[in-house]
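Here's the structure, in structure tokens; my notes come after.
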Amino acid sequence: MTTREGTKENMAVSKTMLMPQEEMLEIQNKGQKMKIGIPSDLEQVEYRVPLTPQAVDLLTSYGHEILIEKNAGKMASYSDKEYRATGAQIVEKKEEIFQCDIILRVAPFNEDEIDQLRGNQAILSNMQIQAHCSESIQKLMQKRVTTIAYENIENEHGFAPFVHQMSQIAGATSITLASEYLSNTRNGKGVLFGEVTGITPAELVIIGTSTAAEYAARAALSLGILVKVFDTSVYDLSKLEEKLGQRIFTSVFYPKVLRKALISADAVIGAMQFNTTPKFKVSEDLVKQMKEGSVIIDLNASQGGCFETTRCTDLKNPAYLKHGVVHYCVPNSPAIVARTASISLSNILIPILLSIGDSGGVDNYIKNSRGFRKGVYIYHGILTNHEIGRLFNLPSKDIDLLLAVF
């Protein structure tokens with residue numbers, strides 16, 4: 001890791017790290033030593049890893065035990081040797097990881113993996129609701145686990161750090177992806193996604209005004225690309241322009257205006273607000289009218305997508321052709337820059353994990369942290385996320401009421 005990366009990572013600290021040594025030792029003695037397992041997500045075509053070796057070094061210095069499956073950090077360019085040097089135990093089989101008290105991963109659990117869980121554990125991962133079904137949720141409940149979704153966790157100010165950080169990365173990389181799929185190397189039209197003197201600049205349409213939309217627009221504008229943004233809210237469009245610091249073409253979803261923009265676009269990015277069902281979908285009929293060889297990148301694929309032609313893909317087979325338009329609909333697109341994304345995840349998780357230890361365990365931290373509590377969707381086997389309950393017709397209970405009982 002470069003000095004810059006290391007500096008950024010070391011910025012993420014627990015409040016106890018700022019205390020005098022004597023006070024730190026007293027709190028460490030009162031806290032709970034955790035056994036944390038990190039399985040490899042490579043079979044799930046997920047290349048990010050939740051903790052870097054530097055994070056493991058910090059956690060083990062507090063007496064926590066870290067088990068990591070062999071090659072878990074390989075695609076993020078972290079070797080087993082690096083993890084072992086910072087105090088982690090490298091294990092061969094996923095089954096051993098699934099016996100730990102706390103399991104950290106990036107990908108959601110599939111049904112086969114749920115069957116291997118010990119039960120009565122805490123699990124922190126992406127939920128990706130589109131990856132679940134009624135059966136998988138019920139299996140998690142039967143295991144009496146407590147599951148926490150990264151994308152629903154908030155801090156004390158109501159800010160969602162995981163969503164914000166991954167959205168920044170997804171937005172910025174979407175422009176790289178659009179450029180790649182328009183080039184001849186991907187059998188594209190051979191169009192430069194940028195600006196050249198004497199040539200009409202490439203055109204980009206962005207659906208939504210989310211953080212991902214903002215970072216996609218920033219990257220595109222820096223290349224001289226003509227950017228057009230559509231959203232349901234004039235206020236949100238105005239706020240986006242304010243963040244970008246310049247006027248761009250913006251519009252609500254007027255059918256004729258949107259149709260004209262899509263017909264002339266070289267690339268279209270779906271970037272509606274995360275953690276909500278997209279408020280608008282581009283119809284299949286409009287996709288049919290787009291230029292042959294143009295590119296759609298749907299950053300909302302895991303939530304049902306911004307286009308009627310969206311279907312989730314993975315990083316092994318990320319794109320498909322529909323009506324002559326290239327569709328890139330990978331739900332975990334930040335994984336294409338796995339090292340950067342892993343450092344970002346690790347920076348957020350370090351203070352959370354240290355605070356869990358300081359407070360005496362996951363249950364205590366859930367009670368003490370309202371923002372972390374928002375990430376809980378199953379608590380000791382009881383479904384607490386009402387949206388999941390409605391989606392899969394399962395009973396759910398309010399976690400605040402449950403905490404009064406447990």
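The values are calculated or read from the model by the stated rules, or taken from the named source; none is laboratory data. Values in this document were obtained by computation on a predicted structure and should not be read as measured data. Cβ placement follows ideal geometry from the backbone for every residue including glycine, while neighbour counts extend to all protein chains displayed. Only protein heavy atoms, including side chains, enter the accessible area calculation; ligands, DNA and RNA are left aside. Shrake-Rupley method; radii C 1.70, N 1.55, O 1.52, S 1.80 Å.
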With respect to ALA212, is the statement that it is open to solvent by less than 20 Å² (accessible area, probe 1.4 Å), of a type in the set (Gly, Ala, Ser) and either within 18 Å of LEU182 (Cβ to Cβ) or out of contact with any helix residue (DSSP H, G or I) (no Cβ under 7 Å at 6 or more places or on another chain) (or both) true? no
Name the helices (runs of 4 or more DSSP H) wholly inside the stretch 1-88 in which the number of residues that are out of contact with any Lys or Arg (no Cβ under 8 Å at 6 or more places or on another chain), loosely packed, with under 13 Cβ neighbours inside 10 Å and at pLDDT 95 or above is 1 or more. 53-61, 80-85
Restricting attention to the stretch 97-130, the residues that are surrounded by 15 or more Cβ atoms within 10 Å (Cβ to Cβ), acidic (Asp, Glu) and either assigned to a helix (DSSP H, G or I) or touching a helix residue (DSSP H, G or I) at 6+ places or on another chain (Cβ under 6 Å) (or both) number exactly 1
Requiring at least 3 residues that are touching an Asp or Glu at 6+ places or on another chain (Cβ under 9 Å) and touching a residue at least 40 places away in the same chain (Cβ under 8 Å), the helices (runs of 4 or more DSSP H) wholly within the stretch 276-372 are 338-359
The stretch 353-383, residues that are open to solvent by 30 Å² or more (accessible area, probe 1.4 Å), farther than 19 Å from GLY158 by Cα and of a type in the set (Phe, Trp, Tyr): none
ILE90: in contact with a helix residue (DSSP H, G or I) (Cβ under 9 Å, 6 or more places away or on another chain), of a type outside the set (S, T, N, Q) and over 25 Å from GLY375 (Cβ atoms), yes or no? yes
Would you please list the contacts, defined by Cβ atoms under 6 Å and residues six or more apart or on different chains, that run from a residue in the stretch 221-237 that is closer than 18 Å to ARG259 by Cα to a residue that is in a strand (DSSP E or B)? LEU226/GLU203; VAL227/LEU204; LYS228/VAL205; LYS228/PHE249; VAL229/ILE206; VAL229/THR250; PHE230/ILE207; PHE230/SER251
Since ASN275 meets every condition but one in (1) of a type in the set (S, T, N, Q); (2) at pLDDT below 95; (3) open to solvent by less than 40 Å² (accessible area, probe 1.4 Å), which condition does it not meet? (3)
Quick check on the stretch 253-260. Is at least one of its residues more than 25 Å from PHE162 (Cβ to Cβ), assigned to a loop (DSSP other than H, G, I, E, B), open to solvent by less than 10 Å² (accessible area, probe 1.4 Å) and without any contact (Cβ under 8 Å) to a residue 60 or more places away in the chain? no
Out of the residues in the stretch 215-251 that are part of a loop (DSSP other than H, G, I, E, B) and in contact with a strand residue (DSSP E or B) (Cβ under 7 Å, 6 or more places away or on another chain), which is least open to solvent (accessible area, probe 1.4 Å)? ILE225
Give the residue that is modelled with the highest pLDDT, with candidates limited to residues of the stretch 384-395 that are open to solvent by less than 40 Å² (accessible area, probe 1.4 Å) and over 14 Å from SER136 (Cα atoms). THR384
Residues being under 24 Å from the mean Cα position of the chain (by Cα) and free of Cβ contacts under 8 Å to residues at least 60 places away in the same chain - total across the stretch 59-79: 9
Would a scan of the stretch 284-300 turn up a residue that is farther than 30 Å from ILE102 by Cα, under 15 Å from the mean Cα position of the chain (by Cα) and acidic (Asp, Glu)? yes
Which numbered condition THR147 misses (of (1) assigned to a strand (DSSP E or B); (2) open to solvent by 20 Å² or more (accessible area, probe 1.4 Å)): (2)
When restricted to GLY371, GLY357, GLY361, the only residue touching a Gly at 6+ places or on another chain (Cβ under 6 Å) and under 30 Å from GLN32 (Cα atoms) is GLY357
Right, SER210: without any contact (Cβ under 8 Å) to a residue 60 or more places away in the chain and out of contact with any strand residue (DSSP E or B) (no Cβ under 6 Å at 6 or more places or on another chain) or not? no
Selected residue (only one of VAL56, VAL91, VAL49 is farther than 23 Å from ILE352 by Cα and either of a type outside the set (S, T, N, Q) or in contact (Cβ under 8 Å) with a residue 60 or more places away in the chain (or both)): VAL91
Which number in (1) open to solvent by 50 Å² or more (accessible area, probe 1.4 Å); (2) farther than 30 Å from LEU402 by Cβ; (3) outside any helix (DSSP H, G or I) marks the one condition that VAL205 misses? (1)
